[in-house]
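Student: One structure follows; several queries about it will come next.
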Amino acid sequence: MSDQPAHAPYDALLLLSFGGPEGPEDVVPFLENVTRGRGIPRERLREVGQHYFLFGGVSPINDQNRELLAALREDLAAHGVDLPVYWGNRNWAPYLTDTLREMTAAGHRRVLTLTTSAYASYSGCRQYRENLADALATLTAEGLTPPRVDKLRHYFNHPGFVRPMVDATIAALGRLPDDVRAGARLAFTTHSIPTSAADASGPAEGHGDGGAYVAEHLDVARTVAAAVREETGTDRPWDLVYQSRSGAPHIPWLEPDICDHLETVHGEGAPAVVMVPIGFVSDHMEVTYDLDTEATAKAAELGLPVARAATVGADPRFVAAVRDLVLERAASERGERPERCALGALGPSHDLCPVGCCPARAPRPAAAGADSPYVQGASTS
């Protein structure tokens, strides 16, 4: 038997997230980071930042990532997986480049990355990979030899991600008034993206008509709805809807928007709606504002009872799923054939993003993919 640890060849795990402001003075600089290169004036950014100012200028995402970070460390240690866990963000401290510099100084040579985005898309996958490539190139330019960086596969259909959403949906149904619960509809929500980005999401052979982004969300929605039906005995109508649209109004984005959807189903006589944010890992700003504030206000205006299901967050089953994905990928790298858990019809996702997967409008190097460059002799693919 090999005396290698179960996580070999990896020697560290990186939690990679979006980042968010932690006070009013951070809001505009944070939004400048997010929109860098688009030429948006500070006055406009202050208008966009009003969502954050309503909550004291603090995004909940950072505390949620701290909770997840602590839970991952505790779970790995409890199961004898001696793998240090680091945290870096794309747009706010701790910045990704600083975290990778720290990991390089600590001597790490093979790093696995968990992104707080479960689905395939440019903004949810390749853009993170581009940020990784940029950070690795920066360290190389500084004369450092950064580690090889890989990325965990998409986990949208892992049981540890799906089952908490099933339970959260049932719990939300239980919060509705008794007289409307039986007829309540389910609205599965996710971030709207431009239809062109959706059509190009996932491997090239699947591009077109929503691509992998829409297909993956539909598969999860179908799986959750079926499990809720099985456990409650009620077959409920459901829809996949979108939220958090941004960008120029003349560019087509995925629809319908959640608020428009609430108006539609209310007009059709729906007695209540449960909003299930399957597209989000945690209750960050786009959940707490777009659903808990804006959509809930629209429902109140309509007189439509609504409840919102919790996101997965640091649920122990999701934390255990991350451990499972780490050990699965490590075994694959050692040439073994581990069991790859997945619910629904699509099966487990690829380990290595193929060429042409979720392409950018302008080609840029991206780490953890089949077309990734080498960094100081260490492949980032």
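The numbers here are math on the coordinates, done by the rules we state, and not lab data. Quick caveat: nothing in here was measured; it's all calculated off a predicted structure. Here the Cβ is made from the backbone with ideal geometry for all residues, glycine too, and neighbour counts use every protein chain on show.
Student: Counting each DSSP H run of 4 or more residues in the chain as -39500 (n - 2.57), what helix-only mean residue ellipticity at 222 nm follows after dividing by all residues, to the nearest 500 deg cm²/dmol?
Tutor: Working: 14 runs with 148 residues, N = 381.
When only DSSP H runs of four or more count, the value is -11500 deg cm²/dmol.
Student: Let's test the formula: R0 of 41 Å, r as the Cβ-Cβ distance of residue 345 and residue 260. What FRET efficiency results, to the nearest 0.05? Let's see the in-between values first.
Tutor: Numbers: r = 28 Å, r/R0 = 0.69.
E between residue 345 and residue 260, to the nearest 0.05, is 0.90.
Student: Please list the equivalent ellipsoid semi-axes of segment 201-322, computed as the square roots of five times the alpha-carbon gyration tensor eigenvalues, in descending order and whole angstrom. Walk me through the intermediate numbers first.
Tutor: Details: eigenvalues 103, 87, 55 Å².
Values for segment 201-322, descending: 23, 21, 17 Å.
Student: Under a point spin-label approximation (7 Å from Cα along Cα-to-Cβ), what is the residue 250-residue 196 distance to one decimal in nm?
Tutor: 1.2
Student: Then there's this: Please compute the length gained on full extension between residue 179 and residue 55, using 0.36 nm multiplied by the number of residues separating them and subtracting their Cα-Cα distance.
Tutor: Full-extension gain reported as 41.3 nm.
Student: Distance in nm between label sites at residue 337 and residue 140, each 7 Å beyond Cα in the beta-carbon direction?
Tutor: 3.5
Student: Place a point 7 Å from the Cα of residue 78 along the Cα-to-Cβ direction; which residues of segment 298-321 have their backbone N under 18 Å from it?
Tutor: 312-321
Student: Counting only Cα atoms, I'd like the Rg/Rh figure for segment 110-258, Kirkwood definition for Rh.
Tutor: On the way: Rg = 18.9 Å, Rh = 17.7 Å.
In segment 110-258, Rg relative to Rh is 1.07.
Student: Could I ask something else about it? How tilted is helix 61-78 with respect to the longest principal axis of the chain? Cα atoms for both, answer in degrees (0 to 90, nearest 10).
Tutor: For helix 61-78, the angle is close to 60 degrees.
Student: Also, quick follow-up: Can you pull the semi-axes for the chain, root of five times each eigenvalue of the Cα gyration tensor, sorted largest first, whole Å? Show your work: numbers first, answer last.
Tutor: Working: eigenvalues 234, 124, 76 Å².
For the chain, the semi-axes come out at 34, 25, 20 Å.
Student: In Å, what is the Rg of the alpha-carbon atoms in segment 261-381, and how long is Dmax?
Tutor: 20.7, 62
Student: Right, another one. At 0.36 nm per residue, and after removing the present C-alpha to C-alpha distance, how many nm does the segment from residue 218 to residue 231 gain when stretched out fully?
Tutor: Values: separation 13, 0.36 × 13 = 4.68 nm, distance 1.99 nm.
Length gained, residue 218 through residue 231: 2.7 nm.
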